[in-house]
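The values are calculated or read from the model by the stated rules, or taken from the named source; none is laboratory data. Computed from a predicted structure; not experimentally measured. Every residue, glycine as well, gets a Cβ built from its backbone with ideal geometry; the counts of neighbours run over all protein chains shown.
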Amino acid sequence: MIKHYRSDIDGLRALSIILVIIFHAFPHSLHGGFIGVDVFFVISGYLITSILLENMDQNKFSFIDFYARRIKRLYPCLLVVLVATLAYGWFVLFPLEFKQLSKHALASSLYINNFILYKESGYFDAASNLKPLLHLWSLSIEEQFYLIWPFMLYFLKKKKIPVGYILLICLITSFLFNIYYIYRKHSFAFYMPVTRFWELLVGAGLAYIKTYKNQFINEKRDFISKKLNLSSLFINHILSAIGILMIIGCALTIDESKLFPGWWALLPTLGAFLIIFAGSSAWINAKILSNKLMVGIGKISYPLYLWHWPLLSFPRIIKGDTLEVPLTVGLLTLCVLLSYLTYKFFETPLRKKSNFTAIPLLSGMVPIVIIGIAVKSNLFSSWINSDVPTAKVVNAINEWDYPKGLTFKKIRDRDFYEIGSHPKKVLFFGDSNMEQYAPRIKKLILEDPSVKRSAVFLTSGGCPPIPNIYEDKHPQLKGFAEDAIDYAKDSKVDTIVIGAQWIGYFNTNSTYYYQKDNINSAISHNSMGIKQALQDFTSMLKEWTDKGKKVYLVLNMPIDYNCSPQAMIERNFFSAPLFQTTSVKTEDWLNTSQLVSRALKEAAAQANVTIIDPTLSLCDAQKCQVLTSTGEPLYKDSCHLRPTYVENHVQYLDEVLF
């Protein structure tokens, strides 16, 4: 154990969990509260490495003792939360939802949930709010670090290899991996240990400094204080204040649109470093972080972290993404109560038990592992595929088959897909709203002998087919339009179909921006960015038509939450789900889409491009269609048609192939 307990570090834990909970409970109030997790990483790296160094220096270190202590620290609360989450999920979730929950519970019990979440990440991945165990990715990162770090540290000290240099090399290497992947594959940078270990190593580095370089640091600090005519304590006050400002400032200024961790993660991690480095005598540490309330919250921060997300996630699954404030406050009150009870009756008593307690704690995870494997292996398939009244609606959720049946190829290092062998080609260019039409195109090419063209899909989810449009979390946008323009120069491409969820890009909340030459402007109503984007878009269309290409512009199809199969299910906290009818008024949709549609039609007219309007087929004078005559949903979610409907019923694109 560490010789000197520091109450201010428990207070820093409290600050971290408060930031995370506010962000998850009231996301629009604290956009960057998720950085609390990064502060946790630094604290953990500091405390655990301090223990390791102290025990190794005193020849008291034992791998068995270390891992037994980790199990006693982590497993009691985790076991309680996993059992409670699975039990409640069994009654309120749909079969496929429970299957995913079981998979995440299995992964969390084995501390590999970050790998599972990375594998699931993608444009059509379920929203984070709909994954009750999503938050356990950070626990997995932490424990993966502690499967490696003690062995590495033990080896370095036994072989008398300089720990400080190796630690610094590992920290810099991990940070550089983080920077490399943040611009290439954001989800990899977010979930993978190799891109996150540097944050724990920041804490480990601080532990190394405090253990071996404390006298040197104190001498330098005394020297600086004399030069500046300031006391060493005052310098500690300043360092702690800077650290707090870095953490709070980061939480207030960044949001989920930023490439995180990346460079941004330096702010909270270095902020935590400075606060701990300043010592318990610094004013903020002594007066604020060591306050009894903050220390109390810090002591239950682990169960608070475990409980808060399932308690907020399940109501969002049942009632929708936005929760009413009274309900949210009630859930947070329940969270505090459950966390205190878990801490008092599970975490604290079991931590004081002998190391042999680790064995039954590990055994307690066996049922969760069995359930996870059984559900994942479809051993409950008869239940999962049971015929329930809402089966038609449930089957539509997340139905998607792109690029099934298409041939994968590369264009200038960009993925694209092709179907058919005719020399004449139709280029389908756009985002996932263009990809959704692949089943129909594929059916016509394979089954209709009168079709004398093959199809090429150059598409990417979340990427508008407009030159010079960018978004930080979509690095694949770089050169996206340019690659399509270049490919369209091929004489075999005689027809181009361009489509997207245009409304998603041209709105006031858009995180996309226009960048060219000296212009860098947000894409929003009447901004310079949107005017330039539409001008470049028109020029691209005109370039194609001037070269004799036949170009079709597909307008936005009707999108609305009431189109989604999710909206057709009424769910309650303690009763079975029921089917409910939903509808979308044509008038409301036309009002929503009129500005974007008008701008696109003007661009099409200037470039002599043919307009295809899905609204004419999907809506009548009164309402837009959301169900077929047999009660099957048309959509897979609020803004994409499901493949089975597209394949058999969507005919408004047929003309482009004939």
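Of all residues in region 208-222, those that are under 23 Å from residue 55 (Cβ atoms) have Cβ atoms under 6 Å from Cβ atoms of residues that are at pLDDT 85 or above and not aliphatic (A, V, I, L, M), 6 or more apart or on another chain, in 208/164. The set of residues from region 153-171 being of a type in the set (A, V, I, L, M, F, W, C) and in contact with a Leu (Cβ under 9 Å, 6 or more places away or on another chain) comprises 153, 156, 163, 166, 167, 168, 170, 171. Of all residues in region 82-109, none that is more than 22 Å from residue 338 (Cα to Cα) has its Cβ atom under 6 Å from the Cβ atom of a residue that is of a type in the set (Lys, Arg) and crowded, with 20+ Cβ neighbours inside 10 Å, 6 or more apart or on another chain.
If we keep just the residues of region 284-321 that are among the β-branched types (Val, Ile, Thr) and either in the same structural domain as residue 566 (by TED's automatic domain parsing) or in contact with a Ser or Thr (Cβ under 7 Å, 6 or more places away or on another chain) (or both), which is nearest to residue 14 (Cα to Cα)? Here the answer is 295. Figure legend. Inter-residue proximity from region 536-547: first residues under 18 Å from residue 493 (Cα atoms), second residues hydrophobic (A, V, I, L, M, F, W, C) and assigned to a helix (DSSP H, G or I), beta-carbon distance below 6 Å, spacing 6+ or different chains. Indicated pairs: 541/607; 542/607; 545/607. Being modelled with pLDDT of 90 or more and of a type in the set (S, T, N, Q): is that true of residue 108 here? When the stated conditions are applied, residue 108 passes them.
Taking first residues from region 558-586 that are farther than 12 Å from residue 627 by Cβ and partners that are aromatic (Phe, Trp, Tyr) and in a loop (DSSP other than H, G, I, E, B), the Cβ contacts under 8 Å between residues at least 6 apart in sequence or on separate chains come to 577/94. Here residue 196 meets each of (1) surrounded by fewer than 13 Cβ atoms within 10 Å (Cβ to Cβ); (2) more than 16 Å from residue 276 (Cβ to Cβ) with one exception, condition (1). Among the residues making up region 332-375, those that are touching a Leu at 6+ places or on another chain (Cβ under 7 Å) and exposed (fewer than 15 other Cβ atoms within 10 Å of the Cβ) are 334, 369, 373.
A quick yes/no check of all residues on (1) part of a helix (DSSP H, G or I); (2) within 28 Å of residue 573 (Cα to Cα):
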residue: 22; (1), (2): yes, yes
residue: 61; (1), (2): no, no
residue: 72; (1), (2): yes, no
residue: 84; (1), (2): yes, yes
residue: 103; (1), (2): yes, yes
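Going by the structure shown, is residue 211 within 30 Å of residue 177 (Cα to Cα), among the polar types (S, T, N, Q) and within 23 Å of the chain's Cα centre (by Cα)? Judged against the criteria, residue 211 is not a match. Considering region 122-206, the qualifying helices (runs of 4 or more DSSP H), each wholly inside and each with 2 or more residues that are over 19 Å from residue 42 (Cβ atoms), under 25 Å from the mean Cα position of the chain (by Cα) and not β-branched (Val, Ile, Thr), run over 163-182, 186-191.
Looking only at residues in region 24-50 that are assigned to a helix (DSSP H, G or I) and among the aliphatic types (A, V, I, L, M), the one that is nearest to residue 201 (Cα to Cα) is 42.
If you go through region 608-639, how many residues are among the basic types (Lys, Arg) and either farther than 16 Å from residue 399 by Cβ or touching a Gly at 6+ places or on another chain (Cβ under 8 Å) (or both)? Counting residues in region 608-639 that are among the basic types (Lys, Arg) and either farther than 16 Å from residue 399 by Cβ or touching a Gly at 6+ places or on another chain (Cβ under 8 Å) (or both) gives 1. Please determine whether any residue of region 274-281 is in a helix (DSSP H, G or I), of a type in the set (Ser, Thr, Tyr) and closer than 25 Å to residue 347 by Cβ. The answer is no; no qualifying residue exists.
Selection of region 609-636 for residues being in a loop (DSSP other than H, G, I, E, B), polar (S, T, N, Q) and in contact with a strand residue (DSSP E or B) (Cβ under 8 Å, 6 or more places away or on another chain) yields 622, 625. Regarding region 252-274, can at least one residue be identified that is among the β-branched types (Val, Ile, Thr), touching a residue at least 24 places away in the same chain (Cβ under 8 Å) and surrounded by fewer than 19 Cβ atoms within 10 Å (Cβ to Cβ)? Yes: one or more hits.
The condition (being part of a helix (DSSP H, G or I), closer than 19 Å to residue 18 by Cβ, among the aliphatic types (A, V, I, L, M) and modelled with pLDDT of 85 or more) is satisfied by just one residue among 327, 332: 332. Each residue in region 545-574 was checked for being out of contact with any helix residue (DSSP H, G or I) (no Cβ under 9 Å at 6 or more places or on another chain) and loosely packed, with under 15 Cβ neighbours inside 10 Å, and 3 of them qualify. Of all residues in region 76-98, exactly one satisfies the criterion of being among the hydroxyl-bearing types (Ser, Thr, Tyr) and surrounded by 18 or more Cβ atoms within 10 Å (Cβ to Cβ), namely 85.
Reported count of residues in region 275-311, each being surrounded by fewer than 24 Cβ atoms within 10 Å (Cβ to Cβ) and hydroxyl-bearing (Ser, Thr, Tyr), is 4. Within region 403-442, take every residue that is aromatic (Phe, Trp, Tyr) and surrounded by fewer than 22 Cβ atoms within 10 Å (Cβ to Cβ) and give me the one that is farthest from residue 481 (Cα to Cα). Among residues in region 403-442 that are aromatic (Phe, Trp, Tyr) and surrounded by fewer than 22 Cβ atoms within 10 Å (Cβ to Cβ), the one farthest from residue 481 (Cα to Cα) is 408. Consider region 37-68 and keep the residues that are without any contact (Cβ under 8 Å) to a residue 24 or more places away in the chain and within 15 Å of residue 149 (Cα to Cα). The one that is surrounded by the fewest Cβ atoms within 10 Å (Cβ to Cβ) is 62.
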